[in-house]
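The values are calculated or read from the model by the stated rules, or taken from the named source; none is laboratory data. In this text, all values refer to a predicted model and were calculated from it rather than measured experimentally. Note: ideal-geometry Cβ built from the backbone for every residue, glycine included; neighbour counts use all protein chains shown. Side chains are part of the model used for accessible areas, which takes the heavy atoms of the whole protein and leaves out ligands, DNA and RNA. Shrake-Rupley method; radii C 1.70, N 1.55, O 1.52, S 1.80 Å.
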Amino acid sequence: MGHELGVEPRDWNGARVRWALTYPELYEVGSSNLGHIILYSILNALPGQVCDRSYLPAADLAERLRQREQALFGVESRWPLNAFDILGFSLSYELGATNILEMLDLCRVPIRAADRGDLPLNHPGAPPLIFAGGPTATSNPEPYAAFFDFIALGDGEELLAEIGLVLAEGKEAGLTRSDLLLDLALVPGVYVPSLYAPGKDGVSLEPLKPGLPKRVLRRVATPMPHYAMGLVPHVETVHDRLTVEIRRGCTRGCRFCQPGMLTRPARDVEPEAVIEAVETGMRQTGYSDFSLLSLSCSDYLALPAVGVELRNRLADRNVTLQLPSQRVDRFDQNIAHILGGARQAGLTFAPEAGTQRLRDIVNKGLTDDDLLQGIRTAMQNGYRKVKLYFMIGLPGETDADVLGIAETCRMLQECCRDLGRLSLNITISNFTPKPHTPFQWHSVSTAEFLRRQQLLRDAGRRLRGVRFNFTDVRLSAMEDFVGRGDRRLAPVIEAAWRAGAGMDAWFEALDRTYNAWTRAIAHAGLDGRYRQMELGGWSAVSALDRDDLKTFCRQPLPWDHIDSGIDKNWLAEDLQRALASTVVPDCSFDGCSSCGVCGPELGHNIVVAPPTVPLARPQQAPPSERASRIRFRFSKTGAMALLSHLDLVRLLERALRRTGLPVSFTGGFHPLPRLQLALALPLGVEGEGEWMDLEFVEPVDAMQVMKLWQQTLPPGLHLISADPVPVSSPSLAQQLQASRWRFVLSSSEPSLGSDATLWSQAITDLVSQNELIWEDTDKKGRPRRRDLRGLLRELHLLHWTVASPGSGGCSVELELLAAVDPQGRSLKPAQLQLWLSHQLGSKLSLSRVRRVELTLVQC
């Protein structure tokens, strides 16, 4: 972390404003988030402003930080986060607040905004400003309001730059925290919770000072695809590919979909900008995969033309195109053609409901014929496994609709039987009502969820080739409880965190999370029905006449002061249309639905007309000729020692792609460069004399190749030598002879610190033994017992160091020469640590391990 491709030196001390974007998830999740990367890149492009990053540490690192009383730090500067001017958290999930509280506590920053004092930001004792952004923060910030100084609503590309300017001027003027927050509250899109309080009705929030807006309008920005290539992590991440946004916003109008309501209007990116961003990004990053991102990629009418053009330009680069979940009614031969590349990517559709009636209620705009035609098109293009998303608990749903999901799966398999066997992977989510949607007034029942899940499970057992995956209802209940709550939930969130909640979206944390949340809710006295406004069920809505429903929907909601641009009256009217199963067309392609978004403040839909689809060039298999081979000796030291073997191989492959060298690839389903590393290093171990072979499709100059490749490698990976070897020569694995290690063993036993001969004798005794038994388990977990004496060639004591006077104990540095057998097995320092511990009768600790060299037969 902090050494990714794209990281540049920063003047942390001289900057006017120091930001840290803190993603409240593990590094592998946060570092691949596109919004996180874009905002980081934009802030670092601003004059006088610098931005670092931080992520939620895993439990072991969090424990170590607390033991050492050390604050969580930025991954690049290594500065403690409480030394920055401003920390920005991404809040994209209702239960993500517990992770944020964990990070604030690890930052050694008061978790509540009211406890952070009123010192100017330039005062050494002032804590940083704490803010949140993201879809959850924008939709309903009230449950989390007590923890943040302000909330950034909507798109952040332009908003954060304006915030940075206000901070820079406020710091130079020496403004107190409260005065600075008052200035920030005047920036469009900034909501300062401390400057708003409940009104007479106890629900609506009203500004406490004159001049503040009664409703804070979210911001809208134009997508900037060229910022997508900002960082390339050295380890495998959740979205391990280049991601380029092609369309922001969705106007399909699905009544359950909060992102579709909160991101209007729709804004297409110009096709030329997408093509340039992808082509440049693939060249600069070295990724083998890229993804085009949108809430609904299929609604980007230029997709077929852009996809074919990219396939043509990248035809010889062995890359794969992936798309997120698509609309099945727009999946045609053009889109099927552009998917995949070097290997076929997965295919996902979201019918959402199992019957036409229910799809009309939720305004999905999808028919059974659309679904069948899309699946048949997929199968005609080689797909035999398709993933489908459905929801249960939708307003108006009956048992027949639930069983309709299983019937839809049966129908698809039956109607596609002439094309082959269709396997379906079905994900069943539980509908959770969201603010700013027509279904925000609906209520759900955990018990009813469980009953309907079981109903579908029973029906699914009769289907072959269909796998059902169900979302845990406990998770859905907590999401709903927090997502539509108000400021009274702050103590519940804090209590849940203190009781052990955290990593709440992770399956393995679910039981602990659920217990922590339920105890916190009960302790707050909110375990009964929390909101009096819940409708109780779809039948209760149907029983209300039009006037009564209007009156009900006019009741204040905790998020009414957040202006999403959509008229609340329009949401209520769309609820009426849902009751009548009326479908509203997509306003990007049909008439305006009068939702209230389009206008001078938020703009209008921008739809790019579809360009002519270019003639598709045949895809080329990557070159596999084997004309030359070069053997490299290299070192892996410093931070690079923390890379796993698989991550190292991935890093080397991406670096090779950036060089443009004529590398030879393997054949098969997933072609890879013909790159072979000798013997994998254990994680955390430095290597000073490692070996790898690389083959090329044409003769190349070894020194020139080494120079070009070295330019693309990070510090800590150093190519020492490069020599041509015959392509027909034995592989590296066949030529390994021995490995030489150096490592330190330490003991707190006083007697071992007073006499070095004890160590020498123990080493002599160990080497003189006829057998050295090692007991472990094989890959299947079965116990095994092996004699490894034949692998021990030499063991020498290099240095003996006595610990500080009075503390007893000592440390010794040893050198081990171990043979490597034909299967690639050898000794490791950890095994010598155990055997010497037995010889000396003392517990030994292992440190400073490095592999000095690997010896080849001809060396």
When the expected Rg is taken as 2.2 N^0.38 Å, what fraction or multiple of it is the alpha-carbon Rg of the chain? 1.06
With all protein chains present, calculate the accessible area of Cys254 using a 1.4 Å probe and round the result to the nearest 10 Å². 20 Å²
Cα-Cα longer than 29 Å, checked against Lys387/Lys779; Lys200/Lys434; Lys171/Lys200, kept in input order, equals Lys387/Lys779; Lys171/Lys200
Leaving out ligands and nucleic acids, note down the accessible area per residue over the range 100-180 with a 1.4 angstrom probe, in whole Å². 30 Å²
For the range 97-254, report the convex hull volume of the alpha-carbon atoms normalised per residue, in Å³, without decimals. 178 Å³
Under 5 Å, built H, 5+ apart or other chain: amide partners of Trp79: Gly74
Using a 1.4 angstrom probe, figure out how much accessible area the range 709-821 has per residue, in square angstrom, rounded to the nearest whole. 53 Å²
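Only sites in a loop by DSSP and with at most 14 other Cβ atoms within 10 Å count here; which GluC sites (Glu not before Pro) in the range 678-782 make the cut?
Glu771
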Expected-Rg normalisation [2.2 N^0.38 Å, Cα atoms] applied to the range 249-339: 1.14
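Hey, any idea what the orientation-averaged projected area of the convex hull of the range 695-743's Cα atoms comes to, in nm²? Show your work: numbers first, answer last.
Numbers: hull surface 20.8 nm².
Mean orientational projected area (the range 695-743, Cα hull): 5.2 nm².
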Taking amide H atoms as placed 1.01 Å from N in the peptide plane, list the residues 5 or more away in sequence, or in a different chain, whose amide H sits under 5 Å from that of Met503. Asn99
The size of the Cβ-based charge dipole (Lys, Arg +1; Asp, Glu -1) of the chain about the Cα centre, to the nearest 20 debye, is 1620 debye
Which one of Ser178, Leu295, Val608 is farthest out on the positive end of the charge dipole of the chain, using unit charges on Cβ (Lys, Arg +1; Asp, Glu -1) and the Cα centre as origin? Leu295
Could you tell me how many degrees, from 0 to 90 and to the nearest 10, lie between the Cα long axis of helix 368-380 and the main elongation axis, the longest principal axis, of the Cα atoms of the chain? 20 degrees
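Just the Kirkwood number for the range 640-756, please: inverse of mean 1/r across all distinct Cα pairs, in Å, one decimal. Please report the intermediate quantities before stating the final value.
Numbers: mean 1/r = 0.0599 Å⁻¹.
About 16.7 Å, per the Kirkwood formula over Cα pairs.
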Please list, in chain and number order, the residues 5+ apart from Arg219 or on another chain whose amide H is under 5 Å from its amide H, with Hs placed from the backbone. Leu153, Gly154, Asp155
Using only protein heavy atoms and a 1.4 Å probe, report how much of His799 is accessible, in Å² to the nearest 10. 100 Å²
Taking the Cβ of Gly174 as the centre, find all other residues whose Cβ is under 15 Å away and add up their charges (Lys, Arg: +1; Asp, Glu: -1). -3
Would you please report the Å³ per residue occupied by the convex hull of the alpha carbon atoms in the range 543-629? 311 Å³
Determine the relative contact order of the chain: mean sequence separation of Cα pairs under 8 Å and six or more apart, normalised by residue count, in whole percent. 11 percent
In µm²/s, what is D for the range 273-390 at 25 °C and 0.890 mPa s, where D = kT/(6 pi eta Rh) by Stokes-Einstein and Rh is the Kirkwood radius from Cα pairs? 163 µm²/s
Report, to the nearest whole %, how much of the accessible area of the chain belongs to carbon and sulfur atoms, 1.4 Å probe, protein only. 52 percent
Gly500 neighbourhood, Cβ < 12 Å, K/R = +1, D/E = -1, net charge 0
Is the range 767-852 rounded, prolate or oblate when judged by the Cα gyration tensor, a ≥ b ≥ c being the square roots of its eigenvalues, rounded requiring a/c under 1.5 and prolate requiring a/b larger than b/c? prolate
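Averaged across orientations, what area in nm² does the convex hull of the alpha carbons in the range 23-92 project?
Its Cα hull, projected and averaged over all orientations, spans 5.0 nm².
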Which of the aspartates and glutamates could a cross-linker bridge to Lys707, judged by Cα under 14 Å and excluding same-chain residues fewer than eight apart? Asp723
Specify whether the C-alpha gyration tensor of the range 3-122 places it in the rounded, prolate or oblate class, a ≥ b ≥ c being the square roots of the eigenvalues: rounded for a/c under 1.5, otherwise prolate if a/b is larger than b/c and oblate if not. rounded
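When a/c is below 1.5 the answer is rounded, else prolate if a/b is larger than b/c, else oblate, so apply that to the range 400-504 with a ≥ b ≥ c taken from the square roots of the Cα gyration tensor eigenvalues.
Prolate shape, in that a/c is at least 1.5 and a/b is the bigger ratio.
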Identify the GluC sites (Glu not before Pro) of the range 98-187 meeting these criteria: DSSP loop state and at most 11 other C-beta atoms within 10 Å of the C-beta. none
The range 334-486 - accessible surface per residue (Å², probe 1.4 Å): 36 Å²
